[in-house]
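Worksheet: one structure, shown below.
Please treat every number below as a calculation from the coordinates, not as lab data. Bear in mind the structure is a predicted one, so any value in this text is a computation, not a measurement. Here the Cβ is made from the backbone with ideal geometry for all residues, glycine too, and neighbour counts use every protein chain on show.
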Amino acid sequence: MRKTVTTLLLALPLALAGITAAQADNASAEGRWRQIDPDTHRAKSIVEIGRAGNGTLNGRIVELLNPSRPNPTCDKCSDDRKDKPITGMEIIRGMRADGANKWSGGSILKPDEGKVYKSKMELIENGSKLQVSGCIAFICKSQVWERM
């Protein structure tokens, strides 16, 4: 009995540390996200968001789900991503923390249009979803991505 109690007391801090780490992960946009098309409500791609050396968040497409053609490139892009493969492409650049669970000041590329939009992101639903917005002037469109 004494051995069981000792084991439980030793395991409790480890279990609490695991819960705290999981909560911390949900307080950051870093990680893998399933990009959901707002029109079809189907997953389009998997985007991985990570922290750059300067502290900003960047994101790249790590997988296209059901692409319209094999190995598509960004033929409509006009910047350094022109004619580059979309898989592996950085589509989110320079997002800076803008309050709790919010980022802004960066840009997002829509590869099928080749257009770059001012962007902002916000964690919603306890960090299980990420609302991503792209804006030109005062016209904005949003998508909700799901954490993987």
Sorted by Cβ density within 10 Å, fewest first, the residues 32, 42, 81: 42, 32, 81
Burial ordering of 123, 109, 65, fewest other beta-carbon atoms within 10 Å first: 65, 123, 109
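Residues with beta-carbon under 12 Å from that of residue 52, excluding residue 52: net charge, scoring Lys, Arg +1 and Asp, Glu -1?
+2
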Cα→Cβ-extended label distance, 7 Å offset, between residue 126 and residue 40, nm: 3.1 nm
Fully extended contour minus Cα-Cα distance, from residue 69 to residue 56, at 0.36 nm per residue: 1.5 nm
Surface/4 of the Cα convex hull for segment 29-147, nm²: 7.3 nm²
Amide N proximity, segment 28-52 versus residue 97 label position 7 Å along Cα-to-Cβ, cut-off under 12 Å: 28-29
Cleavage-rule hits (GluC sites (Glu not before Pro)) in segment 53-148: DSSP loop, at most 14 neighbouring Cβ within 10 angstrom: 113
Residue 56 long-range amide H proximity, modeled H, under 5 Å: none
Per DSSP, loop chymotrypsin sites (Phe, Trp or Tyr not before Pro) in segment 75-148 with at most 13 further Cβ within 10 Å: 138
